[in-house]
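Have a look at the structure below before the remarks.
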Amino acid sequence: MKASIRRDKCMGCEMCQGIAGEVFRVNELGYSEEIGPVNPSNLREVKDAIRSCPMQAISLVPGFFREKRQ
């Protein structure tokens, strides 16, 4: 499983980063992005971040996490 953020919905409130900082961060443009994998040790925090997102911009999708290329 991996987390996915709809960039067209994210308002950059930083809730997800505050709840699950090992999976989400706010980028230089002020919007959230995925930076780490969803795994059993952080699944609860990721689900809390999903529920806390005021714009409902985050979801869990099946598949493997792939690191973003710089």
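The set of residues in the stretch 17-56 that are of a type in the set (Ser, Thr, Tyr) and within 18 Å of Arg6 (Cβ to Cβ) comprises Tyr31, Ser32, Ser52. When the stretch 19-36 is filtered for residues that are under 14 Å from Ala57 (Cα atoms) and β-branched (Val, Ile, Thr), only Val26 remains.
No lab work stands behind these numbers, since they all come straight from the coordinates. What you are looking at is a predicted structure, and each value in this text was computed from that prediction instead of being measured. Quick reminder, even Gly has a Cβ in these numbers, built from the backbone with ideal geometry, and neighbours come from all protein chains shown.
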